[in-house]
Every structure is written in C-alpha cells, then in structure tokens.
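This report refers to the structure that appears directly beneath it.
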Amino acid sequence: MNTSRVFVRQMLLVSAITALLLPGCAEKTPPDVDDARNVSATDTNPDLEIDFSKEGYPSFVKEIQGLSIWEDWGGRFTDANLAPTARIQFHDPLPSKFTLVITTGASVPNLNMPVKVRIGAVEKEFVVQEEWKAQTYRLPIELSSSADVIEIVPPNPRTPSSIDPSSPDGRKLGLSLRSIRIEKGV
C-alpha cells in the first residue's frame with residue numbers, strides 16, 4: 001500500500017475518533033438531511049427553519065457550536081462547556097431584513113434575565129419568564145452589512161449538579177432550543 005493511501009486512512013480514522021469524542025462541539029451539516037429544506041437565505045423561499053426536535057440540521061446550515069446533542073424531549077440545550085455561546089453559521093448570507101423567530105425555554109438560573117442575540121453588528125434581547133416552558137420570541141432584524149452567523153448568548157449557564165447535587169449532569173445548560181426560523185421581511 002502506498003504512503004498516500006495510508007495517510008488518507010489515518011486521517012479518516014482521526015476524523016472518526018474526533019467526531020466520537022467531541023459530539024456537538026462543531027457539528028457540520030450531515031449529508032443525509034432533508035434536501036427539501038436545502039435553500040439559501042437569499043432564495044425565494046420565504047422562511048428558513050432549523051427544527052431542533054429533529055436529529056441533524058438542514059443543509060443551509062454550515063456549522064453549529066455550543067449546542068449539546070439532540071434529545072428526545074424535542075430539542076437541544078445550549079452547553080457553555082462546548083462554547084460560551086450558541087453559534088449558527090449559514091452557508092449563505094442572511095437576508096438584510098428578516099424576523100428571527102426563536103422557540104426556547106430556559107433553566108432556572110436563566111429566567112428573567114436578558115438573552116442576547118447577535119447577528120453581525122445587530123444585538124437584540126428577549127427574556128424567558130417560565131422554567132423550561134417553550135415560548136416563542138419574534139425579533140425584527142435589519143442588517144447594515146452582510147452576516148452569516150446567529151449567536152445566542154444565554155445569561156447564566158449552570159450545571160444541573162450545581163442546582164441539584166444528586167444530578168450527574170455536568171453540562172453548563174442555559175437554554176432549551178426547539179426551533180429557529182428566519183422569516184423574510186421585518
């Protein structure tokens with residue numbers, strides 16, 4: 001076997017081991033996602049939606065950081081152990097005017113505190129008031145320059161074990177994300 005084949009096999013093995021050891025750190029869009037949702041943010045499709053109740057991500061998502069694995073309750077938690085913010089990068093630039101619709105809940109330490117959302121130079125806030133109950137927030141966004149990243153900043157991520165010492169969960173949870181939708185226009 002020539003050295004280039006050995007190198008390629010070694011790199012594939014390293015990639016596979018890394019993916020197993022670091023789930024959720026920087027997930028790329030898997031190739032088997034629903035291709036019907038494969039549209040760009042500048043396409044004629046009026047909305048782009050990431051449904052966190054489904055495993056995987058739509059193909060218009062380039063990369064996700066700061067979210068834990070998909071869970072059977074129907075979403076994903078932000079996890080500050082993976083990254084200080086939840087960061088969603090798109091393949092294409094976001095529209096210059098849109099409404100960001102976020103359906104989320106929050107852990108007790110994050111209730112009644114502002115959750116920041118950053119998109120380019122724009123920063124918006126919303127406040128979750130009920131523990132873990134999924135609530136929907138609509139944020140009008142007008143960008144003055146191109147942006148392809150949405151960043152969500154939970155105010156006070158904490159481990160469940162810091163609230164309940166009997167919990168073995170060491171993740172630093174903030175929000176429970178159910179969905180994010182980009183509705184064109186403001």
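The values are calculated or read from the model by the stated rules, or taken from the named source; none is laboratory data. Since we're looking at a predicted model, the values are computed, not measured. When we count neighbours, we look across all protein chains shown, and the Cβ atoms used for this are built from the backbone with ideal geometry, even at glycine.
Taking the criterion of being within 18 Å of ARG178 (Cβ to Cβ) and among the acidic types (Asp, Glu), the only residue of segment 78-120 that qualifies is ASP79. Just so you know, in segment 133-156 the residues that are of a type in the set (Ser, Thr, Tyr) and over 20 Å from the mean Cα position of the chain (by Cα) include one that is nearest to ILE88 (Cα to Cα), and it is SER145. All of GLY185, GLY170 fail the test of being small (Gly, Ala, Ser) and closer than 21 Å to HIS91 by Cα, apart from GLY185.
Taking residues in segment 103-127 that are over 24 Å from SER146 (Cα atoms), and partners anywhere that are outside any strand (DSSP E or B) and charged (D, E, K, R), the pairs with Cβ atoms closer than 6 Å and at least 6 places apart or on different chains are GLY105/LYS133.
The single condition from (1) exposed (fewer than 14 other Cβ atoms within 10 Å of the Cβ); (2) at pLDDT below 95 that GLU142 fails is (2).
If only residues of segment 153-180 that are in a loop (DSSP other than H, G, I, E, B) and touching a residue at least 60 places away in the same chain (Cβ under 8 Å) are counted, the one that is nearest to LEU100 (Cα to Cα) is PRO154.
Here is a yes/no grid of residues against (1) within 20 Å of the chain's Cα centre (by Cα); (2) surrounded by fewer than 16 Cβ atoms within 10 Å (Cβ to Cβ):
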residue	(1), (2)
LYS97	no, yes
LYS116	yes, yes
VAL128	yes, no
ARG158	yes, no
ILE163	no, yes
GLU183	yes, no
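Within segment 165-181, restricting attention to residues that are under 23 Å from the mean Cα position of the chain (by Cα) and polar (S, T, N, Q), the residue that is nearest to VAL127 (Cα to Cα) is SER176.
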